[in-house]
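The values are calculated or read from the model by the stated rules, or taken from the named source; none is laboratory data. Computed from a predicted model, the values in this text were never measured in an experiment. All Cβ positions, even for glycine, are placed from backbone atoms using ideal geometry, and neighbour counts span all protein chains on display. Note: accessible area is taken over every heavy atom of the protein model, side chains too, but ligands, DNA and RNA are not part of it. Shrake-Rupley method; radii C 1.70, N 1.55, O 1.52, S 1.80 Å.
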Amino acid sequence: MSVVPSASPAVPAAAIASQSQSQSQSQSQPLEPLLLEIEGMKCAGCVRAVEQRLLEQPGVRQASVNLLTRTAWVELDPTPAERSADQRSQPLEQALASMGFTARPRCAEHEAPSLRQRQQRRGWWQLWRQLLVALVLLLVSGLGHFGLVAPTLWQGPGGLVLTAEWFHALVATAALLGPGRPILVKGLRSALAGLPSMDTLVGLGVGSGYLASLVGLLWPQTGWPCFFNEPVMLLAFVLLGRFLEERARVRTGRALEQLAELQPDTALLLVGEGPPRQVRVGGLRPGDRVRLLPGDRVPVDGLVLEGESAVDVSALTGEPLPLQAASGSELAAGSLNLEAPLELEVQRSGGDSAVARIIRLVEQAQSRKAPIQGLTDRVAGRFTYGVLGLAVATFLFWWLWGTALWPDVLHLQHQGGGHGGHGVFGVSAETPFSLALQLAIAVLVVACPCALGLATPTVMTVSSGQAARAGLLFRGGDAIEMAARLHAVLFDKTGTLSVGRPLVTGVETAAGVPPERLLQVAASLEASTRHPLAHALLQEATARQLSLLEVLAASTVAGAGVGGTVDGQPCRVGRLSWVAPDADAHWRSRQAALEADGASVLSVAQGGGLLGLVAVQDAPRPDAAAVLARLRQLGFGLGLLSGDRRLPVQQLGMALGLRADELAWELRPEQKLERIETRRATGPVAMVGDGINDAPALAAADLGIAVGTGTQIAQDSADLVVMGDRLEGIVQALALARRTMAKVRQNLVWAFGYNLIVLPIAAGVLLPGFGLLLTPPLAALLMALSSITVVLNALLLRRA
């Protein structure tokens, strides 16, 4: 999002020139974007570590990592065109591999992956297997935890005895070497790299509990605690929490998957005069012809060659009414054919289609972080070190001083008892060392940087996906956050608040002359010209199903109108002073009244007699007044910045309910920038436009909003693109942004509040006064629930 630097009012042109020069220099060497898929990230500490490692690599200008989608959006210095995405990403992949993360590029030219492919890529079978193992571990450890395993399980020959302690030791060993091994290995790698992660904390908790129990089992004289079932249950809760968290994560990205499913896998290719052949969409090229049957989705962006049908475009633009497609209509991939067969010529296919471009924009938006996430990442990056320090302090305090200050804590028992004194909230330790070790493990496990890391990206992912389904494309999380902070929304006139093309708004005829006759003569004469008003007359004639008459000796008089012979009589259409110089006062007063309403007036004469007047006007969009009223209700300041004449701007403003002080006319592009800077003094400002001349204003505003029917340069300069021909999408987008940031704040309050409350409890704050502590398994359960909670809260956006 570019912001024009403030400049002295005396030299606005210099400021504009400076901005244009800097922009041209930037555009002369554009950065190369690269989207990487990264596996192995588990918490915000991992995100921070990956970003730092990527930014350390030569040629990397910017890196933004998303924990939820497990992607990194990297911007690289320009490289030779012959280098592929794999070649550009290879050094980055190697740098991340040294930290234990697997990275690979997602090529833009590949088709968007289906939901099944993405699930396979993320190892769903491995997750289900982990779930099964977690449930088995919970069952076994639970039996031992609550004293349901006999003290002696087996007695063999020669006095060999398998006691419950050895049984739990075998189960714990199998658990750590099996499902727990990836956690231990990744945690160790992160620690050795100097970037401890969530796996490091869990690995320390599980490993320390296991080793202490092993020492207590092999050398009972040490008095160390023997609680093998605790690390097993802890590991089971961690695996169960990660499975549930992954399921919730997939649900957050379902909107993007539904967009990808809009593009079919096959199409009917027409080859010569033979029957259509079914081919894969990826094999289509521009210029190919395809047949589209009723009920089929458009496989590629194409131009209708033959046929007429109603086409549903709501999945892409949110427009509820179907489009009437005919020869010459352009259809975007993903649209649904409703009525009749169509024959299309391929214009763009594969990665260049509308669906693929939308998906890339959404993926880029999900990778671009909101500024509010910066604080979270900075805290989460140092969070693990703080937890390690607190765990060490907790262990030393309760081992050396805590039990001396409050000796009764070792004699408290869990209500109801249990095997070996094991409890959920009660103390099960019998020595200062065992108590200190349990509390330290609980601190390590209950801490949750995952909740901090997921608090913002989960909400942003759901929000950008929901917006895309409604035809609203945010450029990134920063655009969503800015949309929620806006104070004012400024609009361009032509093509934004108005239709953008002249339309016939009124017809006044002389006595005895049918309106259809007047329009038929006028449209027939104007059919030979390219004047903008000619299009309005021809469109009105087509709407009324009027056939054009034969015109002889047609000629155009610059600045006056068009003349010719129709049905053997001389006819004219144009200015009243040229068409009928002797027109009476009635017609002159009617012309003045229509022009006062902001219309352009055409006079039509045949055989020397005036047939009447036609009012042509750029009418307001049907939904413009309602949209402005709704924005005012939401508390936004409004404004209209136009380069048009004063009278049309004032007429439009009056029709839409805008105040006189909210209107500005005859503005050059640099003057629009000055108005934006003035309004910015009261708060962030959005600019809505659609034309080439709107691009500087869209780039200068805090949030540039482009209407999807506008020019490509306007869309490229905007932070929010509203697909389709509707303004109500602006209200939907701004309301969604406010709900999004409310959810982000809720998640951050929960994530920070959870750690601020639970960490002191895990450290034993409530132990002296209430006899309560968090055992390691319960700490693991709370840790898992804290991550799942922020994801589920984000999913509530889908219900709004």
Taking 7 Å along the Cα-to-C-beta vector as the label spot, tell me the GLN278-TRP578 distance in nanometres, rounded to one decimal.
-> 6.1 nm
Potential lengthening between SER327 and ALA655 on full extension [0.36 nm per residue; Cα-Cα distance subtracted] | 114.5 nm
Evaluate the distance, in nm, between pseudo-label points positioned 7 Å from the Cα of LEU170 and of ARG588 along their respective Cα→Cβ axes.
-> 11.3 nm
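Trypsin sites (Lys or Arg not before Pro) within the stretch 635-667: which are DSSP loop residues with at most 14 other Cβ atoms inside 10 Å? Walk me through the numbers before you get to the answer.
Details: sites: ARG645, ARG646, ARG659; in loops: ARG645, ARG659.
Answer in residue order: ARG645, ARG659.
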Based on the Cα coordinates of the stretch 491-639, what is the per residue volume of their convex hull in Å³?
-> 125 Å³
Percent of accessible area on the stretch 528-603 owned by carbon and sulfur, 1.4 Å probe?
-> 51 percent
Measuring from label point to label point, each 7 Å out along Cα→Cβ, what is the LEU796 to THR102 span in nm?
-> 3.6 nm
Residues ARG485 and GLN539, FRET efficiency given R0 of 51 Å [Cβ-Cβ distance, rounded to 0.05] | 0.75
Which three lengths, in whole Å and largest first, does the stretch 168-215 cover when its Cα atoms are put on their principal axes?
-> 33, 20, 13
Working out 0.36 nm times the residue gap between ASP567 and ILE757, then minus their Cα-Cα distance, what length gain in nm do you get to one decimal?
-> 59.4 nm
When the Cα atoms of the stretch 571-675 are enclosed in a convex hull and the volume is divided per residue, what value in Å³ results?
-> 122 Å³
Tell me which aspartates and glutamates have Cα within less than 17 Å of LYS743's Cα, excluding those fewer than 8 residues away on the same chain?
-> ASP478, GLU481
For ALA527, the residues 5 or more places away or on another chain with a placed amide H closer than 5 Å to its own amide H are none
Taking LYS42 as the anchor, which aspartates and glutamates have their alpha carbon closer than 19 Å to its alpha carbon, excluding any fewer than eight residues away along the same chain?
-> GLU51, GLU93, ASP199, GLU245, GLU246, ASP377
Extension length gain for LEU132 and GLU308 (0.36 nm per residue less Cα distance), in nm, is 57.9 nm
How many angstrom lie between the C-alpha centres of the stretch 260-315 and the stretch 521-591?
-> 42 Å
Amide H within-cut-off set for GLU430, under 5 Å, with H built and near neighbours excluded | LEU435
Give me D for the stretch 600-652 in µm² s⁻¹, whole number, from Stokes-Einstein with Rh from the Kirkwood sum over alpha-carbon pairs, 25 °C and 0.890 mPa s.
-> 171 µm²/s
Report, by chain and number, residues whose modeled amide H sits under 5 Å from the one on PHE491, excluding near sequence neighbours (fewer than 5 apart, same chain).
-> GLY639, LEU640, LEU641, VAL688
Using a 1.4 angstrom probe and counting only protein chains, how large is the accessible area of LYS42 in Å², to 10?
-> 40 Å²
Under 17 Å from a label point 7 Å along Cα→Cβ of GLN94: give me every residue in the stretch 32-65 with its amide N that close.
-> 53-60
Everything considered on the Cα gyration tensor (a ≥ b ≥ c; rounded for a/c under 1.5, else prolate if a/b is larger than b/c, else oblate), the stretch 617-704 must be described as oblate
What is the calculated FRET efficiency for ARG668 to LEU192, with r their C-beta to C-beta distance and R₀ = 45 Å, to the nearest 0.05?
-> 0.15
